Amino acid sequence: MRHYVKIKEVSELLAHIEEPGARILCGGTDLVVKMRSGTIDPQVLLDISDTQALRGIRKVDGRIEIRAATTVSEIIADPAVLEKLPLLSTVLRTLGSTQIRNRATLGGNLVNASPAADSAIPLLLYGAEVIVTSAERERRIPVEEFLMAPGKTALANGEFVQGVSIPIPSVKFSPFFHKVGRRKAMIIAIASLGALMNVEDDKIHDIRLAAGSVAPRPIRLHKLEDDLRGQEITPQLIEQAKEAATTAVSPIDDVRASAEYRREVIGELVARVLRDAAKH
Ligand SMILES: Cc1cc2nc3c(=O)[nH]c(=O)nc-3n(C[C@H](O)[C@H](O)[C@H](O)COP(=O)(O)OP(=O)(O)OC[C@H]3O[C@@H](n4cnc5c(N)ncnc54)[C@H](O)[C@@H]3O)c2cc1C
């Protein structure tokens, strides 16, 4: 029989986390779906959705820390996030439906490690670190290293995600986000692109680009960023960037779209972001 534990304190979580077949349950919007389909069958469910020490958002020394069990809806509405990390709010507004956003959490979205995980795009762009805790230690892992492959993260046995720490950018970036899916509502992305750009008179002073659903994990497009930094946005540059983007990604064919189509889409989205930035 399956055992269910409502976790009140982090110490209780640490006491149970290494039990055979134990699994953390938060909003359940990924885990319960997988349990129903029989993909996984945890023997011990550790429910952290009400663990107060794992909930909430606070500002600390030029950074915003979001604890793992904070819901997507809470993050979207947070004044500090809206002011300092507007792209995080923008992107999370596109995650699932209102009901999903009210249950889904940041920790769950990261640990589920889907190539389409929406939160990963702004977290990659803002250079976030994942705060990971076990009975022995706490460590901070850049989100770029935390997400490894579909369903695979850098979490070791006995570790859980305590939260995410995001540096508040010191320069003003214009945020951009485009997500392409097969339906208007409840889109799991066929491809998505987020950007933070500092552009003046069409000159790209700084640029960060991150893409979802076009590689085994959400990725930063570092090489393309390096090639674009310092350049003037011209029709020719947009064409070059579009071409470069299609080869910078390694998508797969799946039920939602072909790899070829995903390459085309990401090229188109890079072109769109550059055109939008030139208008600002
Ligand atoms: C209809 C529907 C639409 C969706 N749309 C989107 C979408 O548009 N974009 C998107 O990105 N996702 C989408 N999702 C997926 C899902 O809602 C998100 O990934 C969500 O953020 C998961 O959070 P959760 O709290 O529900 O995780 P859970 O289901 O509770 O857990 C997910 C995984 O993370 C582990 N886990 C949870 N918290 C921790 C922690 N603190 N430490 C260690 N492990 C932990 C669990 O053990 C489990 O393996 C959708 C899901 C559904 C059902």
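Structure values in brief
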quantity	calculated
Folded to 0 to 90 degrees: helix 235-248 orientation relative to the chain principal axis, Cα	40
Nearest-ten-degree value, helix 259-279 long axis tilted from longest Cα axis of the chain	60
Base-10 log of normalised Debye intensity for the stretch 77-206 (one unit scatterer per alpha-carbon) at q = 0.09, 0.13, 0.17, 0.20 Å⁻¹	-0.28, -0.58, -0.97, -1.25
In Å, descending, principal axis extents of the Cα set of the stretch 3-167	42, 34, 29
J(HN,Hα) series, the stretch 170-176, from Karplus relation 6.51 cos²θ - 1.76 cosθ + 1.60, nearest Hz, glycine and proline x	8, 10, 7, 10, 8, x, 9
Prolate/oblate/rounded call for the stretch 133-280, Cα gyration tensor, a/c under 1.5 rounded	oblate
Residues with amide H under 5 Å from that of Ala191, placed H, sequence gap 5 or more	Val180
Amide H partners (placed H, <5 Å) of Ala128, local residues excluded	Val143
Exposure proxy order (Cβ contacts within 10 Å, fewest to most) of Ser213, Ser134	Ser134, Ser213
Relative contact order computed over the stretch 174-279 (Cα-Cα under 8 Å; 6+ residues apart), in percent	26
Alpha-carbon centroids, the stretch 1-24 and the stretch 90-107: separation in whole Å	25
Using θ = phi - 60° and Karplus 6.51 cos²θ - 1.76 cosθ + 1.60, couplings along the stretch 144-150 (whole Hz; Gly, Pro as x)	5, 8, 5, 7, 10, 6, x
Distant-in-sequence amide H partners of Gly96 (H built 1.01 Å from N, under 5 Å)	Ile187
Relative contact order %, the chain, counting alpha carbon pairs below 8 Å whose residues are six or more apart	14
Likely footprinting exposure, Glu145, Glu225, fewest C-beta neighbours within 10 Å first	Glu145, Glu225
Among Gly38, Gly181, Gly127, residue whose mean-square fluctuation peaks in a GNM of the chain (springs only between Cα atoms under 10 Å)	Gly38
Prolate/oblate/rounded call for the stretch 1-92, Cα gyration tensor, a/c under 1.5 rounded	oblate
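Taken together, the values in this text are just the output of simple stated rules run on the coordinates, not laboratory data. Here the structure is a predicted model, which means the values were calculated and not measured. Quick reminder, even Gly has a Cβ in these numbers, built from the backbone with ideal geometry, and neighbours come from all protein chains shown.
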